[in-house]
Amino acid sequence: MSQQIFSQNLSPQNLSPLSQIYEGKAKILFATNDPNFLIQYFKDDATAFNAQKKAVLEGKGVLNNFISEHIMQLLTSHNISNHFIKRLNHREQLIKKVSIIPLEVIIRNCTAGSMAKRLGIDEGIDLASPIFEICYKNDSLQDPLINDDHAVEVLKIITHSQLENIKKTSLKINQILQEMFDKIDIKLIDFKIEFGFDKTNPKQIILADEISPDSCRLWDKKTLDKLDKDRFRRDLGGLVEAYQEVANRLKISIN
């Protein structure tokens, strides 16, 4: 990464974490000595059902860090703008600072999870085309499912053109990820992503947060074994082993 992107003549080598500015369910964000960049720390915490269920699973954060790095680099190679700059160590990434848009974007290729429960349909049904959903990112309201007009006209957190751009980008990401996982005999059932406005270019919306088995539903194509956080949600056990399996198939070396 060229040092020219950094202000104050700083580079990834001399950026260091300062104060903690945010702690979420699975990650902590730290300010750095460059106001345009943050350090993202991956925790071992596992949560489900809006943090009603919690556990600490050793090694989970390391695996998510490496897998998310791999995916963000792949997306960058396909011209998907995102906040990832560089993995710093086993648990930390250097990322661009963004103003997160309070929407959770969900792309579904197959029926599962909350959609199957909400609509009273079986899991595992392939959809004719990907389904684009948005939820209002608000823990106190339990991230309710909303439609485009709610986001634009009621909550006024985004414009129609911006939301259309997010949808187009999300579907492109879905195509890239489906192809990647298909090559390693994994079926991408669905995934959640977030976007934000780039601090250094406030008009540009870029992909943020992470993409990992924490935020995707991944099933083995042959056995339909779950290789994602549903192993924790549904008390199946073996979550860290499942994440390691995903890393192994992606030929990600953690050392």
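Here are the numbers for this structure:
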item	result
Filtered residues of the stretch 40-57 (kept if out of contact with any Lys or Arg (no Cβ under 9 Å at 6 or more places or on another chain) and within 30 Å of Glu179 (Cα to Cα))	Leu57
Single residue of Ser99, Ser68 found to be surrounded by 20 or more Cβ atoms within 10 Å (Cβ to Cβ) and of a type in the set (S, T, N, Q)	Ser68
Complete set of residues in the stretch 137-157 that are within 19 Å of Leu207 (Cβ to Cβ) and either in contact with a Phe, Trp or Tyr (Cβ under 9 Å, 6 or more places away or on another chain) or without any contact (Cβ under 8 Å) to a residue 40 or more places away in the chain (or both)	Asp143, Ala151, Ile157
Near pairs, Cβ below 8 angstrom, 6+ apart or cross-chain, from the stretch 65-79 (under 12 Å from Ile173 (Cα atoms)) to any residue that is at pLDDT 95 or above and among the charged types (D, E, K, R)	His78/Lys172
Selection within the stretch 84-126 - in contact with a Ser or Thr (Cβ under 9 Å, 6 or more places away or on another chain) and at positive phi	Gly124
Flag for Gly61 being under 28 Å from Arg234 (Cα atoms) and more than 14 Å from the chain's Cα centre (by Cα)	no
Checking Leu224 against (1) assigned by TED's automatic domain parsing to the domain that holds Val105; (2) in contact with a strand residue (DSSP E or B) (Cβ under 9 Å, 6 or more places away or on another chain); (3) at pLDDT 95 or above; (4) surrounded by 12 or more Cβ atoms within 10 Å (Cβ to Cβ), the condition it does not meet	(4)
Phe132 vs. criteria touching a residue at least 24 places away in the same chain (Cβ under 8 Å), under 29 Å from Val62 (Cβ atoms) and of a type in the set (A, V, I, L, M, F, W, C)	no
Evaluation of Ser2 against (1) of a type outside the set (A, V, I, L, M); (2) surrounded by 20 or more Cβ atoms within 10 Å (Cβ to Cβ); (3) modelled with pLDDT under 95 (one fails), failing number	(2)
Neighbours by Cβ (under 6 Å, 6+ apart or cross-chain): first from the stretch 39-64, of a type in the set (Lys, Arg); second surrounded by 21 or more Cβ atoms within 10 Å (Cβ to Cβ) and part of a helix (DSSP H, G or I)	Lys43/Gly61
Those residues of the stretch 106-165 which are in contact with a strand residue (DSSP E or B) (Cβ under 8 Å, 6 or more places away or on another chain), in a loop (DSSP other than H, G, I, E, B) and not charged (D, E, K, R), in sequence order	Thr111, Ala112, Gly124, Ile125, Pro144, Asn147, Leu155, Ile157, Ile158
Single unsatisfied condition, Ile205 versus (1) touching a strand residue (DSSP E or B) at 6+ places or on another chain (Cβ under 6 Å); (2) assigned to a helix (DSSP H, G or I)	(2)
Evaluation of Pro213 against (1) in a loop (DSSP other than H, G, I, E, B); (2) at negative phi; (3) free of Cβ contacts under 8 Å to residues at least 40 places away in the same chain (one fails), failing number	(3)
Out of Leu15, Leu63, sole residue that is crowded, with 16+ Cβ neighbours inside 10 Å and at pLDDT 95 or above	Leu63
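The values are calculated or read from the model by the stated rules, or taken from the named source; none is laboratory data. Keep in mind the model is a prediction, meaning the values are calculated, not measured. As a convention, Cβ positions derive from the backbone with ideal geometry for all residues, glycine included, and neighbour counts pool all protein chains shown.
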